[in-house]
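The structure appears right after this line, and notes come after that.
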């Protein structure tokens, strides 16, 4: 337990918390994340559609809160039902799992995956071999960028919580673009000190608490994103459930994009299985008026039942597999992937969003280039005030990595913006809108 509660910086030698603080160490972690500005920022960060669309759709904050709730309930259930295996596999603490879930999306930049791809390209183009990745940015926020005390950078969380955040516990394999470690990773090269504190042995397996957080994330966006867009009239669940032509079109499109996808192949061979699943689960044909109280209440009931079903569909194992230390019912796993694909096909890949994404990429690229120029030239009037202390320290060290650190700082600045801030800054910096002296700036 002592190793799990260890913190990289210990301002109170011999104590796990400051004197007089009676919270458990992992409760302190949870509270620090909840009170961080990085967590509040998620209210203005895209989940699937831009956060500016309002409360009809989930944003990253409401998504993270729901992941945390699902993750905690799943952790409590597994500890209750399989305590011996939970202990032998490294321990499960619901506070650790909840903390990891609350912080798992902190690194998402404004405009979500669109900006993630653009920032990755920009970073690599300007010398950062490990580019940009939302999971790695989350770890960097927790260990470096979040502001908590003058004594150190980051939130100074326990080793257990940091480990639970490491969904992909390795650095980027920049030498092999075809490797699974090229696209998904949880640590940047500049953050290796924190990584090796968190993971002294450097192994590449998720902790059991990370596996729970990861699965809770899958459950939440599979169910709630589908709920959002069904209620918005963008996903024709009733049609998919009963119309063979529409279902076949959906599957053929999936196979064209991913010809070796096993679930798409199964759906092609046995379409009745997934159509019956949709019809039985979302049995809404002609029963409720779209947008009515009754329709929304029924969808909430269905979502709740699905989440409970998926929470109950996993058990712990000491053998590490595709779900880490969790063993998932194969049929339920396939249902989850199927639901995710519906959202992808009807919403995320919708050509109607292409022009919006084009504009979002331009905003991100322009801001990055402007902040990169400022950090490399030392234009302190242009660098956000909260980054100035670290910027001066980088210049004082003047090491061989100084230029890389300045480039990484430009990435950090852009990734730390809310979507409203990104748009405002872009308009002012490009002269599109002069704004007002009284406008919120840094």
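The values are calculated or read from the model by the stated rules, or taken from the named source; none is laboratory data. All of these numbers come straight from a predicted model, not from anything done at the bench. Here the Cβ positions follow ideal geometry from the backbone for every residue, glycine too, while neighbour counts run over all protein chains shown.
A few remarks follow.
- Criterion violated by residue 89 - all others in (1) modelled with pLDDT under 95; (2) surrounded by fewer than 24 Cβ atoms within 10 Å (Cβ to Cβ); (3) out of contact with any helix residue (DSSP H, G or I) (no Cβ under 7 Å at 6 or more places or on another chain) satisfied: (3)
- Look at (1) modelled with pLDDT of 90 or more; (2) within 20 Å of residue 347 (Cα to Cα); (3) not in a helix (DSSP H, G or I) and you find that residue 259 fails only one, number (2).
- Conditions (1) under 19 Å from the mean Cα position of the chain (by Cα); (2) at positive phi; (3) at pLDDT below 95; number of the one not met by residue 131: (3)
- Test result for residue 406, more than 25 Å from residue 152 (Cα to Cα) and not assigned by TED's automatic domain parsing to the domain that holds residue 41: no
- Any chance residue 345 is under 16 Å from residue 238 (Cα atoms) and either surrounded by 16 or more Cβ atoms within 10 Å (Cβ to Cβ) or under 21 Å from the mean Cα position of the chain (by Cα) (or both): yes
- Just one residue in the set 358, 338 is modelled with pLDDT of 85 or more and more than 21 Å from the chain's Cα centre (by Cα); that residue is 358.
- For the stretch 73-123, the tally of residues that are in a helix (DSSP H, G or I) and more than 21 Å from the chain's Cα centre (by Cα) stands at 12.
- Top-ranked residue in the stretch 271-316 [being modelled with pLDDT of 90 or more and assigned to a loop (DSSP other than H, G, I, E, B); ranked as surrounded by the most Cβ atoms within 10 Å (Cβ to Cβ)]: 313
- Those residues of the stretch 317-335 which are surrounded by 18 or more Cβ atoms within 10 Å (Cβ to Cβ) and part of a helix (DSSP H, G or I), in sequence order: 333, 334, 335
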